[in-house]
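Beneath this line is the structure, given in structure tokens, with notes to follow.
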Amino acid sequence: MNSVSGGTRPGTGKPTGRGTKGGRSKKARPAASTALRRQAKAVGEILAETFPDAHCELDYTTPLELLVATVLSAQCTDERVNAATPALFAAYPDAAALAAADVLQIEELIRSLGLYRAKAAALKGIGLALVERFGGAVPATLEELTSLPGVGRKTANVVLGNAFGVPGITVDTHVGRLARRLGWTAEAAPVDVEQQIALLFPPEEWVMLCHRLIFQGRRVCHSRKPNCGGCSVAALCPSRQLAGA
């Protein structure tokens, strides 16, 4: 396994900001208050009890399959991705097969997914890059993963955390929304949200915390109409209190 330093500053456990397509945040990060740390710790503990079996809901058996599935999940549900990937994985079981693939054939296999043309081109490019630069293997650092076509910081952190056990914070739409509602951040940019969550939790908790936040976001704290009445952390949520729920 490669060093965790691909996603954190050595000795700090804080995200480096490197590997971000589109640049790194330059904002200063003040230390989180003691009260916010306590609230975040309590929320994390309750979510661990609420969702003890939280996990990545994309189906995969290898790092390459997880990488491919995560790229396909952009603007698409995990359920739809899981319905399409068995045939895709059977047709292209390794990076060499992806590199040699006809893009039009990849498109046919993922036509049911949004942005399928762009995703097919990215998968072909990933196969070529893995063969040419990484010996056909999926790399295990943030910088290397984000150098692949169609792979941003979020996708890289999914792969690092779930395939390689490297701590990382995956800021998808659910994690970002809940972090703001819980008062952990006021930022919108994923890299800023990531850095502020990192101030509240130790690296060894990052991967499972994100799984639990995603479960909470999908099942309870919906975007348009959160189910505050059925929320296990409602008493600790400033958004609920401000709304007078």
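The table below lists the values:
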item: In the range 192-245, the residues that are over 16 Å from residue 174 (Cβ atoms) and in contact with an Asp or Glu (Cβ under 6 Å, 6 or more places away or on another chain); result: none
item: Some residue of the range 128-138 being assigned to a helix (DSSP H, G or I), touching a residue at least 24 places away in the same chain (Cβ under 8 Å) and under 22 Å from residue 76 (Cβ atoms); result: no
item: For residue 38: the one exception among (1) part of a loop (DSSP other than H, G, I, E, B); (2) more than 20 Å from the chain's Cα centre (by Cα); result: (1)
item: Residue count for the range 163-210, restricted to those that are hydroxyl-bearing (Ser, Thr, Tyr) and touching a Ser or Thr at 6+ places or on another chain (Cβ under 8 Å); result: 1
item: Every residue from the range 55-65 that is of a type in the set (A, V, I, L, M, F, W, C) and surrounded by fewer than 23 Cβ atoms within 10 Å (Cβ to Cβ); result: 56, 58
item: Contacts under 8 angstrom Cβ, first residue in the range 171-185 being closer than 18 Å to residue 41 by Cβ and among the β-branched types (Val, Ile, Thr), partner assigned to a loop (DSSP other than H, G, I, E, B) and at pLDDT 95 or above, 6 or more apart; result: 175/169
item: Top-ranked residue in the range 127-183 [being over 18 Å from the mean Cα position of the chain (by Cα) and among the hydrophobic types (A, V, I, L, M, F, W, C); ranked as farthest from residue 58 (Cα to Cα)]; result: 182
item: In the range 110-127, residue surrounded by the most Cβ atoms within 10 Å (Cβ to Cβ) [restricted to those that are free of Cβ contacts under 8 Å to residues at least 24 places away in the same chain and not aliphatic (A, V, I, L, M)]; result: 116
item: Unmet requirement for residue 125, which otherwise passes all of (1) farther than 24 Å from residue 170 by Cα; (2) assigned to a helix (DSSP H, G or I); (3) of a type outside the set (Val, Ile, Thr); result: (1)
item: Verdict on residue 65 being among the charged types (D, E, K, R) and in contact with a helix residue (DSSP H, G or I) (Cβ under 6 Å, 6 or more places away or on another chain); result: yes
item: Leading residue by the ranking (nearest to residue 153 (Cα to Cα)) among those in the range 70-87 that are crowded, with 17+ Cβ neighbours inside 10 Å and without any contact (Cβ under 8 Å) to a residue 24 or more places away in the chain; result: 73
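Each row is one residue, and each column tells you yes or no for (1) outside the structural domain of residue 239 (by TED's automatic domain parsing); (2) modelled with pLDDT under 95; (3) over 30 Å from residue 235 (Cα atoms); (4) in contact with an Asp or Glu (Cβ under 8 Å, 6 or more places away or on another chain).
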residue: 38; (1), (2), (3), (4): no, no, no, no
residue: 103; (1), (2), (3), (4): yes, no, yes, no
residue: 118; (1), (2), (3), (4): yes, no, yes, no
residue: 125; (1), (2), (3), (4): yes, no, yes, no
residue: 128; (1), (2), (3), (4): yes, no, yes, no
residue: 132; (1), (2), (3), (4): yes, no, yes, no
residue: 136; (1), (2), (3), (4): yes, no, yes, yes
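The values are calculated or read from the model by the stated rules, or taken from the named source; none is laboratory data. Fair warning: this is a prediction, and the values are worked out from it, not measured in the lab. Using ideal geometry, Cβ is built from the backbone for each residue, glycine included, and neighbour counts are taken over all protein chains shown.
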